[in-house]
Amino acid sequence: MTTQNALTQKADKLRALHRAGRPLVLVNVWDAATARIAAKAGSAAIATTSAGIAFASGYPDGERIPRDRMLEAVARICAAVSLPVTADVEAGYGETPDDLRRTADGVLDAGAIGMNLEDGTGRAETPLADLALQLEKIRAVRDVAGRRGVAIVLNARTDVYLDRVGPESGRLAETIRRTEAYRDAGADCIFVPGVTDPATIGELVRRLGCPVNILAVAGGPSIGELARLGVARVSLGSGPMRAAMTLIERLAEEALTKGTYSALEGIVSYASMNELMG
C-alpha cells in the first residue's frame with residue numbers, strides 16, 4: 001500500500017496542475033499498458049476511464065462493473081506508474097454517504113489520489129441525482145480525505161449537457177446551480193462533459209471561478225482554444241479506448257475478409273512494448 005506521505009505529495013502535485021489557461025491534459029487510460037504509454041508521451045498525471053475499464057472487463061458502462069473490480073483495475077494502473085492517478089468512479093457505486101466513504105477509501109487504498117464523481121443516474125425519468133444527495137456524497141469524500149490525511153482531488157461532474165437534460169435554454173443555469181453547489185461543498189474541479197460551445201465554456205469558467213474540466217471530442221475546440229477560454233483540465237474520456245477498439249475492429253475485418261494486414265503497418269514494435277512493460 002502506498003504510504004500516506006506519498007499519497008499526500010501526489011495529491012498536492014495533481015491539485016497544482018489545475019491552472020486556468022494552462023490546462024492539464026489527460027489521455028484517459030484503462031490498464032497498465034495504456035498508463036505507461038501516456039506517461040511515456042509526457043503526461044503529468046494519469047486519469048482512468050470508467051467506460052474503458054468496464055468495457056475491457058466485459059461490462060457495459062454505467063456502474064454495471066462492481067466497485068471492487070473497478071478498484072482492482074485502478075490499483076494495477078497505480079502500480080504501473082509513478083505519476084499521480086485520478087480514478088473515474090462514476091457515481092460512487094452507491095446511493096448513500098457511507099457508500100461514498102467506502103469508495104473513497106478504496107480509491108486511496110488502490111493508490112489513487114483523485115476521483116471523478118458524476119451526478120448522472122442513467123434513469124430516463126430522473127436523469128440527474130437529487131442535488132442534496134449529491135452534496136452529501138461530496139461531503140462524504142471530504143470526510144474520508146480528512147480522516148485519512150490525504151486531500152483527495154475531487155472532480156465533480158454534472159451531466160446536464162451530456163444527457164441534454166431539460167430545454168436547451170435552461171441548461172446553463174441548471175449547470176451553474178449544480179456546480180456552484182458542488183464547488184462550495186468541497187469539489188476541487190468541476191467537470192461539464194457535453195459542452196463544446198466556446199461562449200458557454202467561457203461563461204462556465206467565469207461564473208464558477210474554480211478549475212473547470214472539459215471533455216475533448218472530435219470537432220470540439222482545440223486544447224489551445226480551451227486554454228484561451230481559461231479551462232484548467234481537458235479529458236479525452238473513453239475516446240482513446242474507443243479509438244483503439246476501432247483499430248482492432250478494422251484489423252479483424254481486414255484479416256477475416258481480405259486476408260491482409262495493412263492495419264499492422266507502422267505500429268509500435270514488440271521490443272518497444274516489452275521494454276515499456278519492463
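Please report 262, 235 as a ranked list, fewest other C-beta atoms within 10 angstrom at the top and most at the bottom. Before the final figure, lay out the partial values.
Values: 262 11, 235 25.
So the residues, fewest neighbours to most, are 262, 235.
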Handout entry: Cα coordinate range in region 1-123, projected on the principal axes (Å, largest first)
Key = 36, 33, 27
Handout entry: q = 0.19, 0.21 Å⁻¹, region 117-171: log10 I(q)/I(0) [Debye, one scatterer per Cα]
Key = -0.71, -0.80
Problem - Alpha-carbon Rg with Dmax, taken over region 106-265, Å - result: 18.9, 59
Practice task
Quote the Stokes-Einstein diffusion coefficient, in whole µm² s⁻¹, for the chain, based on the Kirkwood radius over alpha carbon pairs, a temperature of 20 °C and a viscosity of 1.002 mPa s.
Solution key: 111
Practice task
Note the angle between two axes, namely the Cα long axis of helix 171-185 and the longest principal axis of the Cα atoms of the chain, as a number of degrees from 0 to 90, rounded to the nearest 10.
Solution key: 80
Completion exercise
Measuring from the longest principal axis of the C-alpha atoms of the chain, the long axis of helix 239-257 (C-alpha) lies at a number of degrees, nearest 10, equal to 30
Handout entry: Scattering profile of region 156-202 at q = 0.23 Å⁻¹ [log10 I(q)/I(0), Debye over alpha-carbon scatterers]
Key = -0.80
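Please arrange 205, 85 by counting, for each residue, the other beta carbons lying within 10 Å of its beta carbon, fewest first. Can you show the working numbers first?
Values: 205 21, 85 27.
Ranking 205, 85 by Cβ neighbours within 10 Å, fewest first, gives 205, 85.
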Practice task
Rounded to the nearest 10 degrees, what's the angle between the helix 4-16 long axis and the longest principal axis of the chain, both from Cα atoms, 0 to 90?
Solution key: 80
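Using the number of other C-beta atoms within 10 angstrom as an exposure proxy, rank 159, 184, 105 with the fewest first. Walk me through the numbers on the way to the answer.
Working: 159 23, 184 11, 105 15.
Result, fewest neighbours first: 184, 105, 159.
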Exercise for the section: Give the residue from 100, 176, 26 lying farthest towards the positive end of the charge dipole for the chain; charges sit on Cβ (+1 for Lys and Arg, -1 for Asp and Glu) and the dipole is referred to the Cα centre. Expected result: 26
Practice task
Tell me the Kirkwood hydrodynamic radius of region 1-54 in angstroms, computed as one over the mean inverse distance between distinct C-alpha pairs.
Solution key: 12.4
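Please give me the summed charge of the neighbours of residue 39: other residues whose Cβ is under 15 Å from its Cβ, Lys and Arg +1, Asp and Glu -1. Please list the in-between numbers first.
On the way: positive: 10, 13, 36, 40, 76; negative: 31, 275.
Local net charge: +3.
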Handout entry: Under 25 Å, Cα to Cα: Lys pairs in the chain, sequence gap 8 or more or different chains
Key = 4
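Readers should treat all values here as calculations from the given coordinates under stated rules, not as data from a laboratory. Predicted, not measured: the structure shown is a model, and the values here were computed from it. Positions of Cβ are generated from backbone atoms using ideal geometry, with glycine treated the same way; all protein chains shown enter the neighbour counts.
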